[in-house]
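Here's the structure, in structure tokens; my notes come after.
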Amino acid sequence: MSPESSVAVLTPDAPLEATGPGGPGRFKVLITGVFLPHTEMEIAALADIADVIVNRKPSREELLELVADVDALMVDIAPVDAELLEHAPRLKA
């Protein structure tokens, strides 16, 4: 797998009051896109409630696999189409 498509999963310690299905009391958030190179602020803001997956440039197949169990998706200009939404049943509006 090339460095551009490598996946990093960031799982900070969860406070007891955190809620969500991303793990024991946590949400799961995917951040993807080459135009979101600096995501430290987003990761820090989500640290108390979510496990964050960062994949800068996934293939279409990788993206469809990654969205299968996430609660939120942060993208730049990547298309979010009907097929992607069908593969992401846990996404919240």
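The values are calculated or read from the model by the stated rules, or taken from the named source; none is laboratory data. Predicted model, so just to flag it, every value in this text is computed and none were measured. Cβ sites come from the backbone with ideal geometry, for glycine too, and all protein chains shown count toward neighbours. Heads up: the accessible areas ignore ligands, DNA and RNA and are worked out on the full protein's heavy atoms, side chains in. Shrake-Rupley method; radii C 1.70, N 1.55, O 1.52, S 1.80 Å.
Data table
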item	result
Accessible-area value, F27, 1.4 Å probe, nucleic acids and ligands omitted, Å²	60
Gain in span if fully extended, V80 to A45, counting 0.36 nm per residue against the direct Cα distance	10.3 nm
Label point 7 Å beyond Cα of L91 along Cβ direction - residues of the stretch 25-59 with amide nitrogen under 19 Å	27-36, 51-59
Accessible area, probe 1.4 Å, largest first, for residues D71, D48	D48, D71
Neighbour-limited loop hits for trypsin sites (Lys or Arg not before Pro), the stretch 57-93 (at most 13 other Cβ within 10 Å; DSSP other than H, G, I, E, B)	K92
